[in-house]
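To start, the structure itself, in structure tokens.
Every number here is computed from the coordinates shown, using simple stated rules; none is lab data. Bear in mind that the values here come from a model prediction, so they are computed numbers and not experimental data. Ideal geometry is used to build each Cβ from the backbone, glycine not excepted, and the neighbour counts take in all protein chains shown.
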Amino acid sequence: MLELSILGFLAEEPLHGYELKERITALTGHVRPVSDGALYPAITRLVRAGMLDERAEPGTSAAPRRTLSLTARGREDLLERLRNPKQAEITDQARFNTVLAFLRHLPDRHEQAAVLRRRLEFLETPTSFFYDGGEAVRAEETDDLFRQGMLRVARATSRAERAWLAEAVELLGQSR
């Protein structure tokens, strides 16, 4: 997800490493904070792979600042990642939000809708946090106030997301 975030933000405009880190942190929040120890090696890998250009500019202190921009190869890789997200990027809410944040860069509305349909299909599969004898436990079936709260909030969130996904898929289908 880190590389998708890097490519996605740089598809919008060239950024310095620190600005990129701030944007990624704002997107992932406290759920998945990005460390320098993860970000800068990922940037180095993407530069070496020809997906990013890097140019040095004078910094405010003695060290030069690196400005990063997306190459044509990086844009191709970004579009491929958006067209075909991994299953974990569909099933994990935080990862899916990262895909969603950059899905507008995918120029084909049918391909955008296909990604949304995958998420919708996942959300329509019955599931629970808790099981009893192999059966999913619903909020109404537990006396545990806290588990009941988890299940009720998850159900409401899932309903809202499914409604938005269905609406978005329909709108994308109408757009030409």
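Can you tell which of P14, H110, L123 lies farthest toward the positive end of the dipole of the chain, using +1 and -1 charges on the Cβ of basic and acidic side chains (Lys, Arg; Asp, Glu)?
The one lying farthest along the dipole's positive direction is P14.
With a sphere of radius 15 Å drawn around the Cβ of L68, what net charge do the other residues whose Cβ falls strictly inside it have (Lys, Arg +1; Asp, Glu -1)?
-1
Could you work out the relative contact order of segment 1-94? I mean the mean sequence separation of Cα pairs under 8 Å and 6+ apart, divided by the number of residues, in percent.
33 percent
Could you check the simple spin-label distance between W164 and D36, using points 7 Å along Cα→Cβ, in nm with one decimal?
For W164 paired with D36, the spin-label model returns 3.5 nm.
Using only helices, what value at 222 nm comes out for the chain when you add -39,500 (n - 2.57) per DSSP H run of length 4 or more and divide by the total residues, to the nearest 500 deg cm²/dmol?
-19500 deg cm²/dmol, from helical runs alone.
[x] 55; [y] 44; [z] 65: which one is percent of Cα pairs over 22 Å apart as calculated from this entry?
So the calculated entry is the one marked [x].
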